[in-house]
Every structure is written in C-alpha cells, then in structure tokens.
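First comes the structure, then the notes that go with it.
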Amino acid sequence: MGGGAAGLATAIFTARQHADARVTVVDGARSLGAKILVSGGGRCNVTNARVTERDFSGASPGAIRTVLRALPQGDTVAWFQRLGVGLHEEALGKLFPDTNRARDVLDALVDEARRAAVKILPATRVTAIARGARGFCLTTPTTELQADVVVVATGGLALPATGSDGAGYRFAEALGHTLVPTTPALVPLVLEGDRHVALSGVAHEVTLRLWQVPKPRTLVGSFLWTHVGCSGPVVLDVSRHLLRARLEGQSPALMLASVGESFDAIEAWWALEQQFRPRAHPATVAASRMPRAVAERLTAESGIDDMATLATLGRESRRRFVHAMTALALDVRDARGYTHAEVTAGGVSMADVDPATMQSRRCPGLFFVGEVLDVDGRLGGFNFQWAWSSAMQAARGIARMAT
Ligand SMILES: Cc1cc2nc3c(=O)[nH]c(=O)nc-3n(C[C@H](O)[C@H](O)[C@H](O)COP(=O)(O)OP(=O)(O)OC[C@H]3O[C@@H](n4cnc5c(N)ncnc54)[C@H](O)[C@@H]3O)c2cc1C
C-alpha cells in the first residue's frame, strides 16, 4: 500500500525474489511517485556516497544499521545502473542521476515494476485495513481487496499534497502499534523580529549551535535568510533536533556564528585590524568575513553608528559586535510545518518492527517500509536510501515467510 519510493521498490524486489507472488501496488494518487518528481529540486538526490546509521535519527542505531545492510549504498548504485539510471556524485557526497532528471528515476522504477509483472492500481485510496481469517482486507471507496501480506508504504505527513496524509499511522495504531509523536523535519524555520526580512535572500556559510540536552549540537553549512525566517541546508538539518527537543519540553537556544572562529580568535583578529585599518568602518572590515548586508545589520544591532571607525569603537561595542558575529541568538517562533517539510520525524515505532524482516511484531503478515517508520535521515539522499534499504529488507522478509 503506497506507491512512492519505498512502495515501488518493495514491489519490485518482492516480485523479483518471489516469482510466484502476485504483487499489487495500491496508491491513492492518480499518478505515482509525486515526491520523487519534486525531490532534489526536480533532480532526485537518490542516495549518498557515504551512508551509515549516524546519518539517521529516530530508531536505535543498531536497528537502522541492520536495515541499511539489506541494500547498502553501493548495491543501490549498482541497482539503479541496471535499471538504466547512472548516478554521479556532487558536493557533500550527494548522488544524482546523470541526466539530472527525477522523472528518469521514477520512470525507471515504474518500468521495472511493469517488467516484474507488478500490478499498479493508482487512484485507489485505502481507507481501512482489517485482519481477516486469512490475511488482510483493504477497504477502498469502490471495492475491498484481499491480501495475504500487506506492506504499509504510505509515507509520513510531509508535503501532504503528494498524497501522504498520515493514513498509515492510523492503520498502524488500529492494528496495535505504538506511534512515536511526529514533527516536521528538514523544514525551514520561522523567526521572531524583522532581521530576516531585511536580510531576505542573503545566503552565507555559518555554524549553528543548538543548546539542547543532553549535549549541544553543532552543524556547519549554507544558511539562507528568508522573508519569514531562515532556510538552507544547515537550517533544514538542525530543524528536526530543535523540534524534537521542544516536543520533549525543552527550550533549546539556537545560535548562529557567521564566522568559524571562537569569540577570542575574532577579538584577536579585530585587534589586528584596528592597528592596520583604524579609519575603516566596522561593517567594512566584517564584510571580509560575511555578506556585506549581514555585516551592516549586525553592526547596527550592536549599536555601532555609521560614523564609527575601528579607532573610535569602544570596547563594549566591539565585544557586542564580536558576540553577534560568533553567537547570534535566533529567536525561533516555529517551523514552517509539514507543507514545507521534506520528511517526517517520528512515526511507527521500530520497536514494533523486526529490523531483520520489516515485519510487524504485533501483526504477522504486516510490513512497514520507508518514511512511515520512526526513522528520518539528514539532508543528502539519506531518506531515499532508507526507502530502498527498507524495501529490500521487507522483500526478503516476505520471501522468507513464503518458504
Ligand atoms: C520537496 C522534497 C524534496 C525531497 N528531496 C529528497 C532528496 O532529494 N533525497 C532524499 O533522499 N529524500 C528527499 N525527500 C524525502 C523523500 O522524498 C521521502 O523520504 C521519500 O519519498 C519517502 O518515500 P515513501 O515511499 O516512504 O513515502 P512517499 O513518497 O510519501 O509515498 C507514499 C505513497 O503512499 C500513498 N498513500 C498514502 N496514503 C495512502 C492510502 N491511504 N492509500 C493508498 N495510498 C496511500 C501516497 O499517495 C504516496 O504515493 C524529499 C522530500 C520532499 C517533500
């Protein structure tokens, strides 16, 4: 059930490994794979050159590792190559199709599903699943479908316009599974105040520090000021940790450093600049380390007026400014929500699923794959890798059940 990345891959792997199986993909959407098409800016970041359990959050590292081993990254690349989709590596290890077209990834999956005699039922929304005397009964608005085995591949709540509205969670809960509360992940943030409005459209490399319990988290990467707050890879990656900490009742502080060095190192640099460029405005000097617009905003916020020079800058103003350069507090009101999120954190607890087969421990014959599970990856192709690996693990689990 569900014909996204995880559902299509599970259907293909199952049909290929179990020649007698009659495999059907049932999907509520008219056309399958909407999320694949929009992924990676329409280019689909299929996987990453280096994938380990440390790239994921949610379930235990051991369970994630077990699932990833079912289809390691190298086997994923080889599989796509066999489907006619060559992949190439870009910055941060991201692998994209050589054609740079997400459509080619989706077409290759759908073509392979057809070659493997997988039946595809689009525009068929499942509204309920019930256990029968033998197998399961899936209710749709027009008919009832019987199945010996059901794979729940309905995704999470991210980008609901693509058909993922959390139905899988309701089915899982009705069949006795624990749901880990969900939050958006890989999502832009909404900030208080108006700093972001003035800087909207400006991007720069930053370090973000999230002061959360049990230990702070430091992330480095590209940051984008937006009309409502901030976005960019480093913000998307930090968002899940901030939202999970808030869900746990914490109030974690988020600090932005526009420069890589510590407060003391920037103070020392500043002292040198003061000697060599006494008549320069502080913003002009800081602009060698960050975008001019950010430097000007931070000097203004530090109470430094237009007439100031390095020579006239008082100690307190200088320290306030260095503090703004190295630890600027971002006052996060909220995240932009599931409609702007790339993935969902939380979901069906992996404690209720055997990671060696993806079969439910609560309901034999029921399997879970992909984003519906309480596993989310960081930015860089990891969420699709989770879809492919969990699909392979489920297909093996189903084949083992049948023998
Ligand atoms: C904008 C965007 C960009 C992204 N880019 C990347 C990227 O480049 N790399 C990466 O690794 N990850 C990326 N992701 C994340 C990635 O797309 C998802 O993690 C992945 O698609 C999840 O696959 P899935 O098959 O588990 O779920 P989904 O892709 O959400 O598929 C679920 C399917 O189930 C169907 N369904 C749901 N409920 C029912 C029901 N009741 N009955 C029948 N069918 C149902 C839906 O119609 C849908 O087709 C991106 C996500 C977004 C939103």
| remark: For the stretch 150-199, the count of residues that are away from the ligand (no atom under 15 Å from the Cβ), outside any strand (DSSP E or B) and either surrounded by fewer than 16 Cβ atoms within 10 Å (Cβ to Cβ) or at pLDDT below 95 (or both) equals 7
| request: Check the stretch 327-338 and report whether any residue there is closer than 28 Å to Gly74 by Cα and more than 14 Å from the chain's Cα centre (by Cα). | output: no
| note | For Arg336, the lone unmet condition from (1) within 27 Å of Val118 (Cα to Cα); (2) more than 10 Å from the ligand (Cβ to nearest atom) is (1)
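For (1) within 11 Å of the ligand (Cβ to nearest atom); (2) free of Cβ contacts under 8 Å to residues at least 40 places away in the same chain, each residue gets a yes or a no:
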residue	(1), (2)
Gly4	yes, no
Ala9	yes, no
Ile12	no, no
Ala21	no, no
Ser31	yes, no
Ile36	yes, no
Glu53	no, yes
Arg65	no, yes
| query | For Gly58, are the conditions met, namely being in contact with a strand residue (DSSP E or B) (Cβ under 8 Å, 6 or more places away or on another chain), within 7 Å of the ligand (Cβ to nearest atom), of a type outside the set (A, V, I, L, M, F, W, C) and assigned by TED's automatic domain parsing to the domain that holds Leu106? | reply | no
| message | Every residue in the stretch 360-392 that is open to solvent by 10 Å² or more (accessible area, probe 1.4 Å), away from the ligand (no atom under 11 Å from the Cβ) and within 18 Å of Thr76 (Cα to Cα), please. | response | Met392
| field | Gly84 being at pLDDT 95 or above, away from the ligand (no atom under 14 Å from the Cβ) and part of a helix (DSSP H, G or I) | value | no
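Being under 26 Å from the mean Cα position of the chain (by Cα) and free of Cβ contacts under 8 Å to residues at least 24 places away in the same chain is true for just one of Glu173, Glu144. Which residue is that? Break it down into steps so the answer makes sense when it comes.
Working: Glu144 fails: under 26 Å from the mean Cα position of the chain (by Cα).
Answer to the selection: Glu173.
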| message | Being open to solvent by less than 40 Å² (accessible area, probe 1.4 Å), closer than 24 Å to Phe13 by Cβ and out of contact with any helix residue (DSSP H, G or I) (no Cβ under 7 Å at 6 or more places or on another chain) is the filter here; which residues of the stretch 81-94 pass it? | response | Gly86
| said: Being within 10 Å of the chain's Cα centre (by Cα) and assigned to a helix (DSSP H, G or I) is the filter here; which residues of the stretch 375-392 pass it? | reply: Phe382, Asn383, Phe384
| Of the residues Ala356, Ala345, Ala395, which is part of a helix (DSSP H, G or I), more than 10 Å from the ligand (Cβ to nearest atom) and either out of contact with any strand residue (DSSP E or B) (no Cβ under 9 Å at 6 or more places or on another chain) or among the hydrophobic types (A, V, I, L, M, F, W, C) (or both)? | Ala395
| said: Restricting to the stretch 124-145, name every residue that is within 10 Å of the ligand (Cβ to nearest atom), of a type outside the set (Val, Ile, Thr) and open to solvent by less than 20 Å² (accessible area, probe 1.4 Å). | reply: Leu138
| note | Within the stretch 339-359, of all residues that are of a type in the set (D, E, K, R) and over 18 Å from the mean Cα position of the chain (by Cα), the one most open to solvent (accessible area, probe 1.4 Å) is Asp354
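The values are calculated or read from the model by the stated rules, or taken from the named source; none is laboratory data. Treat the numbers as computed from the prediction; the structure is a model and nothing was measured. Virtual Cβ from ideal backbone geometry, glycine too; neighbours counted across all protein chains shown. Heavy atoms of the whole protein, side chains included, go into the accessibility calculation; ligands, DNA and RNA do not. Shrake-Rupley method; radii C 1.70, N 1.55, O 1.52, S 1.80 Å.
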